[in-house]
Amino acid sequence: MNDEKNRTIKSMYWNQILGSFSSGLASPFIPYYAAFLNFNSPEMGFLQASQNLFPNVTQYHWGKLSDKFNNRIFFIIIGGIISSLMFIAFIVAKSPIFFITAVIIQSIFGAMVTPAWNALIGDISLPSKRASFIGKLSFYSNLSMLFAGVAFLFYTLIYSTSSISIYYLPFAIAGILGVLSSLIMLYAKEEKKFRAERKSSLFSILKKDNDFSYFMYSQLFYNFFMSISWPLLFITTVDVLKASYFQVAMLNLLGLISTVPFITIFGKIIDKTGTKWPIIASRFMFVPVPLVYAFANSVIDLYILNIVTGIGQAITNVAFIAYILDAAPKEDRGKYVGLYNMLIGIVTFFGSILGGYLGIYLGLFNTYMVSFIGRFSGSFLFFKIREKRVYPQMIRLNPFGGIMRKR
């Protein structure tokens, strides 16, 4: 490994450690913060929709620019600094309109980071070890978020108050650490190979790559029904089950506890067996979420659910990015990542808006059932996705339920 690549990898690890600790102190609690601000169902729907739409719909254009200028690090630093400062802005944004505006600004500039970051992963990693590298980065990220969750948990015990001001200090610290994590990337060195820009448009990418297109359409269908329940999850947690600040912190913490140990394991598995079957498994693992929330009698039910879905999140953190980077040509990695997240953002925007209003007109239970049925049926679409490269042990399920190994 040359010195420049080694510097970049070290910078990326430290960026994940500090940045994820920052995010772990604040990001999971944004919807709960809104719930404690007494957002109603449509306002929660619009908040959730904004968090889905704006960071994702702009990613294609940010990714296109990072490909055009062949500069990943600049986008990571600038986007990271501006989006982190918005955590501090949340403290003074008390009304729904100002709070949602601050979230939108954070989302737009945070979107600068994601396609550039994932393209940088593709640039410096070998295909044969890419999932393992993604797994290691995700491990440090989630481990840091776990420590942040523990810190927040103890903070809620020490700062014993029912006031919403309990969120102010974590938001302020998150903003400062987020800026520092972005500045760390100044130490990174990026390989500069200037090349002619490819004239591949959004629609030409989908048209010329049938496998990637089918993968995208399957994800769009699944995520639409997935997002219908999102605005209601926080209302159920805070308003129906009356979760305390401590219990909200525990929900986030338990999910991370079950995610962290499995990330590097799944990274190594995916490098050998491919992305398809882990992706399918992750889709089915998130199917029961709305069902559990519909019938939950206490926060303990949600604790158990978060432990199970945490394992699914470990798969998701590795498998989906690995699949997209396998599909994307080197010079279009930013575009592919941006396109993927943009389309997901659009459908989850409308799904969350719809879910917020369905929660009023159909009630929480019926809306959860709509989400459950959509998730369950959408999971079967992923059986037809195709790998984008050959892995050492390609596996597929035969019609009789056994495992058949190729090569």
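Each reported figure results from applying straightforward, stated rules to the coordinates on display, with no laboratory input. Remember, predicted model here, so these are calculated numbers, not experimental data. Reconstructed Cβ throughout: ideal geometry from the backbone, glycine too, with neighbour counts over all protein chains shown.
Express in nm, to one decimal, how much length is gained between Asp301 and Ile360 on full extension, taking 0.36 nm for each residue of separation and deducting their alpha carbon distance.
Values: separation 59, 0.36 × 59 = 21.24 nm, distance 2.37 nm.
Contour length minus Cα-Cα distance gives 18.9 nm.
With only alpha-carbon atoms in the gyration tensor, what are the semi-axes of the equivalent ellipsoid for segment 237-299, in Å, largest first?
Values: eigenvalues 184, 50, 6 Å².
Whole-Å semi-axes of the equivalent ellipsoid: 30, 16, 6.
Could I have the simple spin-label model distance between Lys94 and Asp239, label points 7 Å from Cα toward Cβ, reported in nm to one decimal? Spacing of the two 7 Å Cα→Cβ label points: 2.2 nm. Label-to-label distance for Ser165 and Tyr187 is 3.8 nm, based on points extended 7 Å past Cα in the beta-carbon direction. State log₁₀ I(q)/I(0) for segment 2-88 at q = 0.16, 0.20, 0.25 Å⁻¹ as given by the Debye formula over alpha-carbon point scatterers of equal weight, solvent excluded. The Cα Debye sum returns log10 ratios of -0.84, -1.12, -1.31.
For the chain, averaging the sequence separation of C-alpha pairs within contact (under 8 Å, six or more residues apart) and dividing by the residue count gives a relative contact order of 31 percent. Dipole check for the chain: with +1 at the C-beta of Lys and Arg, -1 at the C-beta of Asp and Glu, and the Cα centre as origin, the magnitude is about 1540 Debye. Anisotropy class assigned to segment 330-394 is oblate, per the alpha carbon gyration tensor with a/c at or over the 1.5 cut-off and a/b no larger than b/c. Quick one: work out Rg over Rh on the C-alpha atoms of the chain, Rh as Kirkwood radius. Rg/Rh: 0.95.
How would Asp123, Asp239 line up from fewest to most surrounding beta-carbon atoms within 10 angstrom?
Fewest to most other Cβ atoms nearby, the residues stand as Asp239, Asp123.
Extending 7 Å from the Cα toward the beta-carbon at both Met369 and Tyr217 defines two label points whose distance is 3.0 nm. Pairs exceeding a 22 Å alpha-carbon distance, out of Lys64/Lys208; Lys335/Lys388; Lys68/Lys388; Lys207/Lys335: Lys68/Lys388.
Within the chain, helices built from complete DSSP H runs that reach 30 Å or longer along their own axis (Cα positions) and carry a mean Kyte-Doolittle hydropathy of 0.5 or higher are 72-92, 130-158, 245-273, 299-327, 333-361. Full extension of the segment from Ser377 to Leu126, taken as 0.36 nm per residue of separation minus the current Cα-Cα distance, would add 86.8 nm.
Our compactness index for segment 209-340, the C-alpha radius of gyration over the empirical 2.2 N^0.38 Å, is 1.19. Run lengths n ≥ 4 of DSSP H only: what is the helix-derived mean residue ellipticity at 222 nm for the chain, with -39500 (n - 2.57) per run over all residues, to the nearest 500? It lands at -25000 deg cm²/dmol. Once each of the chymotrypsin sites (Phe, Trp or Tyr not before Pro) sitting in a DSSP loop with at most 16 other beta-carbon atoms within 10 Å is removed, the chain keeps 195-399 as its longest stretch. The Rg/Rh ratio for segment 39-90, using Cα coordinates for both the radius of gyration and the Kirkwood hydrodynamic radius, is 1.11. Normalising the average separation of contacting C-alpha pairs (under 8 angstrom, six or more residues apart) by the number of residues puts the relative contact order of segment 1-127 at 31 percent. Each part gets one Cα centre, and for segment 234-309 versus segment 100-177 those centres are 17 Å apart.
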